[in-house]
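Only one structure is covered here, and it is reproduced in the block below.
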Amino acid sequence: MRREFSAKRLVLVEADVAKARTKDSMRAFSKLTRVIDGKRRIVSDPPLVVSIEELVAGDGWQEIDNEIRSIVSQYRATLTPERRELLDQYRLVHIGRKVVGVGSVGTRSWIALFLGRDDSDPAVLQIKEAQRSVLELHQGDSEYTNHGERIVAGQRRMQAAGDVFLGWTRITRGLDGQQRDYYVRQLWDWKGSATVERMSARGLAAYARTCGWTLARAHARSGDRIAIAAYLGGSAVFDRAMASFAELYADQNELDYERLRQAVGSGRVEEQTGL
């Protein structure tokens, strides 16, 4: 029975890994773009994806296009020489805005379509606005003056294998006259997640241990691993604290969702489904 259980779990894990490997630039390319009037373009799917031509009236989109091209040009300098050479083999052909993540709603987030030799050689980069860390309100300013660089440096420290196109830049005076920091990465770089809905209690526990180990490794790479280990100690105090936090967090999510439902019911917030 145990051998059968392991075999079934292995099949599911391999399926999730295989699915993640298909979530790359080619999938983004096929899902988000098509040929329009003989040219490869990002296809609008509002409100989540909007091409720059549809963001503003008339020829105003050209200002956005120029700003994004400036961001890409400056970002290039933050890559290592061999990666700059790789990026230089591509040309920027189109730009769109893409809404991503709850924490990123309201910030500037762009997708940039690049082509190499032809349509079979695409790259899709994501250009995301980087804002001040919430931790700075309590811990003081970061050692990095550019918030995009702070995010990139953190990812490079924590990740065992990072995105080759990861970089950052700053626009000192954008279209709105404000200084804004950005970081750049591939839109989908083998991004995947486990299907927790299919897991048994035993499988979920194993998955939680794997996530915990991965997070612990990231903290060990980016912080003082000796101090962290000493702080945690050998008792279960920290374990219980984390469990309590998880329960409170889940309760808060339910409260937030209920408030959202009430706002939709009263007409204060417009609901749009099927996105």
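Structure notes:
- Search result, residues across the range 107-132 that are among the small types (Gly, Ala, Ser) and within 15 Å of Tyr182 (Cβ to Cβ): Ser109, Ala112, Ala130
- Hey, Ile228 closer than 29 Å to Trp61 by Cα and surrounded by 11 or more Cβ atoms within 10 Å (Cβ to Cβ) or not: no
- Those residues of the range 172-185 which are over 16 Å from Arg132 (Cβ atoms) and part of a strand (DSSP E or B), in sequence order: Val184, Arg185
- Of the set (1) at pLDDT below 80; (2) over 30 Å from Arg202 (Cβ atoms), all apply to Ser51 but (1).
- The set of residues in the range 170-179 that are closer than 18 Å to Ala112 by Cα and modelled with pLDDT of 85 or more comprises Arg170, Ile171.
- Residue in the range 258-275 that is farthest from the chain's Cα centre (by Cα), counting only those that are part of a helix (DSSP H, G or I) and surrounded by 10 or more Cβ atoms within 10 Å (Cβ to Cβ): Gly265
- In the set Ala123, Ala160, Ala130, only one residue is under 27 Å from Thr214 (Cα atoms), among the hydrophobic types (A, V, I, L, M, F, W, C) and buried (at least 18 other Cβ atoms within 10 Å of the Cβ); that residue is Ala130.
- Number of positions in the range 56-86 that are in a loop (DSSP other than H, G, I, E, B) and loosely packed, with under 15 Cβ neighbours inside 10 Å: 7
- Of everything listed in (1) buried (at least 17 other Cβ atoms within 10 Å of the Cβ); (2) assigned to a helix (DSSP H, G or I); (3) hydrophobic (A, V, I, L, M, F, W, C), the single unmet condition for Trp188 is (2).
- A single entry from Thr33, Thr78 fulfils the requirement of being under 18 Å from Ile171 (Cα atoms), in the same structural domain as Ala153 (by TED's automatic domain parsing), of a type in the set (Ser, Thr, Tyr) and touching a residue at least 12 places away in the same chain (Cβ under 8 Å): Thr78.
The values are calculated or read from the model by the stated rules, or taken from the named source; none is laboratory data. Note that the structure is a prediction, hence the values are computed from the model and not measured. In this analysis, Cβ positions are derived from the backbone assuming ideal geometry, glycine residues included, and neighbour counts consider all displayed protein chains.
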